[in-house]
Amino acid sequence: MQTPRCREKFREGSLGFNFTQFFFASLALGIALRIPSAALAAPAPSASTVSVAAAANLIYVLDALDAAFTRQGDHSVVTIASGASGNLAAQIRNGAPYDVFLSADPVHIRSLIVSGHADEQSFAVFAHGQLVLWTTRPSIRLTEIATAINDTRVNRIAIANPITAPYGAAAKAVLDRLNLWSAAQTRLVFGESIAQTAQFVETGNADIGFVALSLVLAPQLKNKGQWIPVPDELHPPLLQAAVLTERGTKNPAAKRYLAFLRGEEARQILKRFGYLIPE
Amino acid sequence: MSHGDAPFSVSCLPEPAVTFLGLSPALWQSLGLTAQLAAITTVVLGIVGLPLAHWLNTTRWRAAPLVETLVSLPIVLPPTVIGFYLLIGFSPEHAPGSWWQQVFGAPLAFSFTGLVIASVLYSLPFAVQPFQAALRSVPPEMLDAGSALGAGPVRVWLRVHLPLAWRGIAAGLTLGFAHTLGEFGVVLMIGGSIPGVTRVASIALYDEVQRMDYRQAHTFAATLLIISFLLLLAVTLLQRHRHLTRSV
C-alpha cells in the first residue's frame with residue numbers, strides 16, 4: 001500500500017486545491033498590493049481637487065454640471081462618489097474624505113451639522129427633485145399610478161430603499177398615500193440607491209419602478225420606455241441640498257464649486273434635467 | 001436660496017420590538033433564509049459537482065483544461081462581474097431570462113431560484129476542487145478491486161469511490177455551504193433585498209449598518225463570524241485528519 005499512497009500525496013499536492021495555501025497566498029498578495037497604494041494615497045490631496053459625495057439621483061446631471069464648472073475656467077478636478085444620501089452621510093460621519101455633500105434630503109445634512117461634520121454656513125437647497133413612475137416594458141401602458149400598480153402583468157415594482165434613499169422614502173409615501181402599499185408590498189424590490197432602482201427597471205428585471213425624473217431625462221436613458229410624473233403633493237418634497245463638509249471648509253475649490261451650483265449656468269442645466277429651481 | 005427653513009422628510013420604519021438572543025425577527029428571518037439558500041446550494045453542488053469533478057479527473061478530452069478553468073473562474077472573478085452578467089441574463093427582455101419566464105411564468109431576478117443559480121455558479125470551484133482532490137486520493141487499486149469483484153463502473157463509483165473519499169467530499173460540501181453564506185456582491189446586484197426571499201444575512205447586515213443600527217449590526221456580525229469560524233474549523237478538521245492518517 002506504500003507506493004499508491006506516496007503517489008496520491010504527490011498528485012494532490014501538485015494539482016489539488018489546498019485551502020490554507022490559497023488563503024495565505026491571497027493574504028500575502030493582498031498585503032503586497034495594498035502597501036504601494038497606501039503609500040501613493042498618503043500625500044495630502046491637492047487643493048484643486050473637489051471631492052463630491054452626491055445623492056444618486058444627481059449622477060447624470062453632475063456630468064453636465066462638472067463639465068460646465070471646468071469650462072468656466074476652474075482647473076479643479078471634480079471627483080464624484082454617488083450613493084443613497086443616508087449611506088453617504090454615514091460615510092462622512094465615519095471620516096470619508098469628501099469636500100462637498102449633495103443630499104437628496106436636507107435631514108441627512110442637518111444630522112451632519114449637528115454632529116460637527118458639516119458647515120452650517122454653507123448649507124443651501126439648490127434644486128427640487130421630481131419623482132416619476134417608469135417602465136421599459138413595451139407591453140405596459142402607463143396612464144395612472146394605481147392602474148399600473150394593480151396591473152396583473154406587473155410582477156416586480158422597484159423602489160429605492162426607503163430608509164437610506166430619499167426617493168425611496170418618497171415612493172413609499174406615495175404608495176401609502178394612495179392606499180396601494182399593501183397591494184404593492186409583495187411585489188416590491190428594493191434598490192440600494194435610486195440609481196440601482198433605475199438600473200432594475202432599465203434592464204427589464206423590474207416591470208415598473210419609482211425613479212428620479214433627472215435619471216429618465218438624462219441622455220443615457222432618454223427615450224427608453226415611458227414614464228409618468230408623480231404629483232408632488234403625494235410625497236414630502238425632494239429637496240436637493242448642498243453643504244461643505246468639515247474638510248471642505250479648508251478647500252477654496254470646494255467653495256467655488258458650491259457657489260457655481262447656485263449660479264445661473266448650473267440652474268439652466270438642472271432645469272434641463274427636470275429639476276425645479278427654488279427662487 | 002432657502003436657508004435652514006427646509007421642511008424635513010424623516011423616514012423611519014417601525015423598529016421591531018421583539019428580539020431573541022438580541023437579534024430582531026427580521027435578522028432571524030434573513031439568517032434562516034441564508035441557511036436555506038446555503039443548504040439547497042450545497043445539495044445542488046453535490047449533485048452537479050461530484051460527477052463534474054470525476055469527469056475532470058478522468059477525461060482525456062483536450063478541451064478539459066478550458067472547462068476546469070471556467071469552473072475555477074469565480075475564485076478570482078469580482079462578484080460584480082458575475083452579478084452584472086446574471087442581471088443581464090435574467091432580464092425577461094432577452095434570452096435566457098425570457099425563456100425562463102415563458103416556461104416558469106416568473107422572472108429569475110429578485111427570486112430565490114435566481115439566488116440558488118447564482119450561488120451554485122459562485123461556489124462551484126470551492127466544492128469541485130476539494131472533490132477532485134478527494135476523488136484522486138482514493139488508491140486506484142481499491143477501485144480495481146471493486147471492478148474485479150464484478151461491480152460496474154457506476155456501482156464502483158457510488159459504493160467504493162465516493163465512500164472512500166467521504167472526508168474530502170464533506171470538506172468540499174462544507175466549504176460550498178460556508179462560501180454561500182459569505183456571498184454578498186452578487187446578491188446585492190440581483191437580489192433586490194426582499195425580506196424572506198432575497199434579503200440574505202450579508203445583505204441584512206449591510207442594511208443594518210446603513211441604517212446605523214450598530215447594536216444590531218454588532219450582534220449579527222458576531223453571529224455570522226462564529227458560524228463561519230465553526231464551518232471552517234470543520235473543513236480544517238476534515239482535511240487535517242485526511243493528511244495525518246495518510247502520513248502514518
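Filter the stretch A:267-279 down to the residues that are in a helix (DSSP H, G or I) and of a type in the set (D, E, K, R), then identify the one that is farthest from residue A:148 (Cα to Cα). Out of the qualifying residues, it is A:267. Taken over the stretch B:101-122, residues that are touching a residue at least 60 places away in the same chain (Cβ under 8 Å), of a type in the set (A, V, I, L, M) and farther than 16 Å from residue B:193 by Cα amount to 1. Take the residues of the stretch B:22-59 that are in contact (Cβ under 8 Å) with a residue 24 or more places away in the chain and among the β-branched types (Val, Ile, Thr): which is surrounded by the fewest Cβ atoms within 10 Å (Cβ to Cβ)? Looking at the filtered set, the residue picked out is B:48.
For every residue, the table says whether it meets (1) farther than 23 Å from residue B:204 by Cβ; (2) surrounded by fewer than 24 Cβ atoms within 10 Å (Cβ to Cβ).
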| residue | (1), (2) |
| --- | --- |
| A:155 | yes, yes |
| A:161 | no, no |
| A:171 | no, no |
| A:176 | yes, yes |
| A:181 | no, yes |
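Residues in the stretch A:218-227 include at least one that is more than 19 Å from the chain's Cα centre (by Cα), at pLDDT 95 or above and more than 26 Å from residue A:118 (Cβ to Cβ). Residue B:98 passes every criterion in (1) within 13 Å of chain A (Cβ to nearest Cβ); (2) under 30 Å from residue B:53 (Cα atoms); (3) without any contact (Cβ under 8 Å) to a residue 40 or more places away in the chain; (4) not in a loop (DSSP other than H, G, I, E, B) apart from (2).
Exactly one residue among A:127, A:171, A:158 is closer than 19 Å to residue A:205 by Cα, in a strand (DSSP E or B) and within 12 Å of another protein chain (Cβ to nearest Cβ), and that residue is A:158. Screening residue B:123 on (1) modelled with pLDDT under 90; (2) in contact with a Phe, Trp or Tyr (Cβ under 9 Å, 6 or more places away or on another chain) shows it passes everything except condition (1). In this structure, residue B:127 does not qualify as under 18 Å from residue B:183 (Cβ atoms), assigned to a loop (DSSP other than H, G, I, E, B) and either away from every other protein chain (no Cβ under 11 Å) or of a type in the set (Gly, Ala, Ser) (or both).
Only one of A:191, A:225, A:204 is surrounded by fewer than 20 Cβ atoms within 10 Å (Cβ to Cβ), under 28 Å from residue B:96 (Cβ atoms), within 12 Å of chain B (Cβ to nearest Cβ) and of a type in the set (Gly, Ala, Ser). Can you tell me which? That would be A:225, the only listed residue that is surrounded by fewer than 20 Cβ atoms within 10 Å (Cβ to Cβ), under 28 Å from residue B:96 (Cβ atoms), within 12 Å of chain B (Cβ to nearest Cβ) and of a type in the set (Gly, Ala, Ser).
Looking only at the stretch B:76-95, residues that are in contact (Cβ under 8 Å) with a residue 12 or more places away in the chain, at the interface with chain A (Cβ under 8 Å from one of its Cβ atoms) and under 23 Å from the mean Cα position of the chain (by Cα) come to 3 in all. If the condition is being among the hydroxyl-bearing types (Ser, Thr, Tyr) and at pLDDT 85 or above, then the stretch B:215-246 contributes B:219, B:223, B:228, B:236.
Across the stretch A:231-243, a minimum of one residue is classified as away from chain B (no Cβ under 14 Å) and either out of contact with any strand residue (DSSP E or B) (no Cβ under 6 Å at 6 or more places or on another chain) or surrounded by fewer than 23 Cβ atoms within 10 Å (Cβ to Cβ) (or both). Here the condition is being more than 30 Å from residue B:98 (Cβ to Cβ), polar (S, T, N, Q), at pLDDT 95 or above and under 19 Å from the mean Cα position of the chain (by Cα); of A:103, A:82, it holds for A:103 alone.
No other residue among A:149, A:163 is among the aliphatic types (A, V, I, L, M) and within 11 Å of chain B (Cβ to nearest Cβ) apart from A:163. Tallying residues that are crowded, with 16+ Cβ neighbours inside 10 Å and either hydroxyl-bearing (Ser, Thr, Tyr) or closer than 26 Å to residue A:189 by Cβ (or both) within the stretch B:214-233 yields 6.
Of the helices (runs of 4 or more DSSP H) entirely within the stretch B:143-248, those holding at least 1 residues that are within 26 Å of the chain's Cα centre (by Cα) and within 12 Å of chain A (Cβ to nearest Cβ) occupy B:166-181, B:185-190, B:201-210, B:214-247. Filtering the stretch A:50-108 to residues that are part of a helix (DSSP H, G or I), under 25 Å from residue A:131 (Cα atoms) and among the small types (Gly, Ala, Ser) leaves A:56, A:64, A:85, A:86, A:89, A:90.
The values are calculated or read from the model by the stated rules, or taken from the named source; none is laboratory data. It should be emphasised that the depicted structure is a prediction, and the values quoted were computed from it without experimental measurement. When we count neighbours, we look across all protein chains shown, and the Cβ atoms used for this are built from the backbone with ideal geometry, even at glycine.
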